[in-house]
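See below for the structure under consideration.
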Amino acid sequence: MATTVTSTDDPTPVRDPKDRPLGRYLMCVEVRPQATQIAVLEGRALIEHYLTRAQDDASQIDGNIYLGRVQNVLPGMEAAFVDIGTPKNAVLYRGDVRYDPDDVEASDSGSSAPKEAEQSARIEQLLRPGQSLICQVTKNPIGAKGARLTQEVSLPGRFVVLVPNSSTYGISKRLDDNERKRLRRVLDEIRPEGHGIIVRTAAAGGSAAELTADVEMLVGQWNQIEASAKRAKAPALLHREPGLSLRMIREEFNSQFRGVLIDDEQAWREVRDYVARISPELATRVEYYDLNVEPLPLFERYHVHEQRHKALDRKVWLSSGGSLIIERTEALTVIDVNTGKNVGTSNLEETVYRNNLEAAEEIARQLRLRDIGGIIVIDFIDMEIAENREGVLQAFRRALALDKTRTQVFPISELGIVEMTRKRVSEGLVESFSTLCPICNGRGFVLDEELL
C-alpha cells in the first residue's frame, strides 16, 4: 500500500548521490526565463533531451483539444483543413475522422452494413466547410506544415488513457501476462460506460483505488470539455496540455528514476504536489536544486552541457575508435558507420562485426537523444557472414526496444544497408538549438560568386 507523503513548503535539499533511492534514471529540469530544458540520464549518459521556449506556446500544442471549424475539404487528398485558431490551418485526414452514420450523406454504394458503410464513406460525405468539430492535435506544426488532428480524442492520465465515446479497450503490451490479467479484472469493474480505456505501463502494481481515481478524474475532465464545447464558438481552445515538466512527470516518472532535480522553486513545488497526488511513494524523489547553495549549475554538475554539444555534432566517436557520421536531409537522415581508429585484434570480419554491434547500440541512443524522425538509412560496414548481419540487426532492434517512440526496422541488405522509420514527434534536437544560416540558406556551402 502506498504511503502518504505530507507536503511541506520547505524545499527539500539535494541529498548526497550515495544516499539516493536506487533507480536507473535521473531527470534534471533547468528552468530559465527564455526556455525550460529537461535532461534524462541513464547513469552518467544523457539519453533524452527536451526543450521548450517561452515563445513556443503557439506551436507546442500537441495534445491540446480544440473546437475547430472546417475551412475546406480536399477529396483528392482525402483531407480537410481545419481552423483551430493557430497561424496555420491544421490538417485532418480521412483516417482520423470519427464516423457517425447520422452525419453521412446518402452514398452511391447503397451498402447497408455499418462496417462497409464506414469504410466506403468519403471525406466529403463526413465533413463540410463551416462545420464545427471537437478535435485533438496529434503532431505539432513543423516547418511549413500545420498541425495534424484527429477526432479520436484521448485524455492521458497517470495510469490510464480515457478514449471518450469509444469502445476501445486495451492494456499495455509491455506488461507481463500475469499483470495484464490482474489489470483486466480491475478494468472490467471500473470501466466508465460509453468510454474506452487503455491501461498504461505505469499502472503496473497499481491498486484498484488508484486506477479508479485516475478514471474518475479523466471522466470529469471530459465532461468539462464537452460543456465548454457547447458554450464556445469555433475556433476555440477547450483543453490545454500541461507544461513540459508536468508532461514528462506524467509520462515518464516511475520507480526506475532515482530522482528528479529541479532548479526552479516554483516549478519544484508544482511538480512535487502533482507527484504527491498521483504517486505519494515517489514524492520524496522530487528535489529542489538550490542554485544559491550548489557550487555548479544543474546541467554542469551532471555534464549535460558537454554531452548536448556532442549530440549537435555530425560525427560521433565510438569507444572502440570507430565513428558515426549523421547527415540530415529534407527527405531522410543518413547514418554512416566507419571503423575509424578501430584496428581490431583478430581478423577483418570480426573487427567489422564488433564495430557494427557497438554502432547499433549507439545509433539507437542517438536517435532518442537527437529525436530524429522520419525515414532513416543506416550504412553499416559490409559483413560477409549472414549470421553476423543478422546478429547486428537483432542487437539494433533490442536497443530500439528502449525507445518509447514507435519505430519500424527492415532487414539488413547484402550491402549492409538498414532502412527504418521513426515517428516524427518534434522538430529534433539540432533544429531546436539552431536557425537557418542566412549565408548558405541551409545548403552547407557558399557559392564562389567570382566564378559564376
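The values are calculated or read from the model by the stated rules, or taken from the named source; none is laboratory data. Treat the numbers as computed from the prediction; the structure is a model and nothing was measured. Reconstructed Cβ throughout: ideal geometry from the backbone, glycine too, with neighbour counts over all protein chains shown. Heavy atoms of the whole protein, side chains included, go into the accessibility calculation; ligands, DNA and RNA do not. Shrake-Rupley method; radii C 1.70, N 1.55, O 1.52, S 1.80 Å.
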Is there a residue being at pLDDT below 85, in contact with a Lys or Arg (Cβ under 9 Å, 6 or more places away or on another chain) and in a strand (DSSP E or B) anywhere in the stretch 140-153? yes
Among the residues of the stretch 160-169, is any of a type outside the set (Asp, Glu), modelled with pLDDT of 90 or more and assigned to a loop (DSSP other than H, G, I, E, B)? yes
Can you give me the number of residues within the stretch 309-323 that are without any contact (Cβ under 8 Å) to a residue 24 or more places away in the chain and of a type outside the set (Ser, Thr, Tyr)? 7
Condition set more than 14 Å from Glu30 (Cα to Cα) and either free of Cβ contacts under 8 Å to residues at least 60 places away in the same chain or assigned to a helix (DSSP H, G or I) (or both), scope the stretch 284-308, selection most open to solvent (accessible area, probe 1.4 Å): answer is Asn292
Applying the selection to the stretch 267-283, what residues are in contact (Cβ under 8 Å) with a residue 60 or more places away in the chain and open to solvent by 70 Å² or more (accessible area, probe 1.4 Å)? Glu281
For the stretch 428-447, what are the residues that are more than 27 Å from Asn355 (Cα to Cα), assigned to a loop (DSSP other than H, G, I, E, B) and open to solvent by less than 80 Å² (accessible area, probe 1.4 Å)? Phe433, Ser434, Cys437, Cys440, Gly442, Gly444
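Would you confirm, using the coordinates I've provided, whether Glu384 is more than 24 Å from Ala144 (Cα to Cα), at pLDDT below 95, among the charged types (D, E, K, R) and in a loop (DSSP other than H, G, I, E, B)? Don't jump to the end; show me each part of the working.
Values: more than 24 Å from Ala144 (Cα to Cα): yes; at pLDDT below 95: yes; among the charged types (D, E, K, R): yes; in a loop (DSSP other than H, G, I, E, B): yes.
It is true that Glu384 is more than 24 Å from Ala144 (Cα to Cα), at pLDDT below 95, among the charged types (D, E, K, R) and in a loop (DSSP other than H, G, I, E, B).
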Keeping to the stretch 398-410, report how many residues are open to solvent by 90 Å² or more (accessible area, probe 1.4 Å) and either closer than 18 Å to Phe380 by Cβ or polar (S, T, N, Q) (or both). 2
